[in-house]
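Asker: Below is the structure I would like to discuss, written out as structure tokens.
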Amino acid sequence: MTILALDIGKKRVGVAISHGIIAEPIKVLDYKNYFSSLEKLIKEQSVDLVVIGLPFSASGGETNQSFFNRSEGEKIAKEFDVNVEYVDESYSSVAVDTGKKIIDDEAAKIILEQYLNEKKSL
């Protein structure tokens with residue numbers, strides 16, 4: 001099963017992929033035109049599932065960004081006829097903060113690793 005993970009932001013979209021049990025960061029896309037790049041990736045890699053990170057507030061509630069990401073996920077599912085699932089990404093960007101800037105594809109990798117670990121524990 002091929003899984004693509006997305007760390008969606010309003011400027012950039014980090015992308016990671018897994019063809020099994022290992023997640024790899026692959027690229028950072030400009031949000032303005034990420035849909036066309038995403039379509040190409042989904043087709044070339046025969047993606048079965050797209051996992052999207054959802055940032056929650058400190059109290060565990062949905063944020064404006066998590067609502068935005070769900071909306072993007074719905075568009076992706078409809079446009080590309082692919083299953084979409086979500087995972088809590090609240091700390092993925094913090095985990096890869098280099099002190100200068102966030103590495104979006106590394107954040108996507110962490111989102112994907114979290115998803116894979118959650119599925120493995122079930």
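The values are calculated or read from the model by the stated rules, or taken from the named source; none is laboratory data. What you see is a predicted model; the values in this text were computed from it and never measured. Here the Cβ is made from the backbone with ideal geometry for all residues, glycine too, and neighbour counts use every protein chain on show.
Asker: I'm trying to understand the selection: among the residues of segment 25-44, which are surrounded by 13 or more Cβ atoms within 10 Å (Cβ to Cβ) and either touching a residue at least 40 places away in the same chain (Cβ under 8 Å) or among the charged types (D, E, K, R) (or both)?
Answerer: 25, 26, 27, 28, 35, 38, 39, 42
Asker: Taking residue 47 as the residue in question, decide whether it is part of a strand (DSSP E or B) and surrounded by 11 or more Cβ atoms within 10 Å (Cβ to Cβ).
Answerer: Numbers: part of a strand (DSSP E or B): no; surrounded by 11 or more Cβ atoms within 10 Å (Cβ to Cβ): yes.
Answer is no for this residue.
Asker: Sticking with this one: Of everything in segment 69-110, what is part of a helix (DSSP H, G or I), modelled with pLDDT of 95 or more and not basic (Lys, Arg)? Give them in sequence order.
Answerer: Pass one, segment 69-110, residues part of a helix (DSSP H, G or I): 69-80, 92-95, 104-110.
This time we only want the ones that are modelled with pLDDT of 95 or more, so: 69-80.
If the condition is that a residue be part of a helix (DSSP H, G or I), modelled with pLDDT of 95 or more and not basic (Lys, Arg), then 69, 71, 72, 73, 74, 76, 77, 79, 80 are the ones that fit.
Asker: Would you be able to tell me the number of residues in segment 11-45 that are small (Gly, Ala, Ser) and under 13 Å from the mean Cα position of the chain (by Cα)?
Answerer: Of the residues in segment 11-45, the ones small (Gly, Ala, Ser) are 14, 16, 18, 20, 23, 36-37.
Now narrow it down to the ones that are under 13 Å from the mean Cα position of the chain (by Cα): 14, 16, 18, 23.
Final tally of qualifying residues: 4.
Asker: Now a separate question. Go through (1) at pLDDT 95 or above; (2) of a type in the set (Val, Ile, Thr); (3) over 17 Å from residue 17 (Cα atoms) and name the single condition residue 63 misses.
Answerer: Going through the list (1) at pLDDT 95 or above; (2) of a type in the set (Val, Ile, Thr); (3) over 17 Å from residue 17 (Cα atoms), residue 63 breaks only (1).
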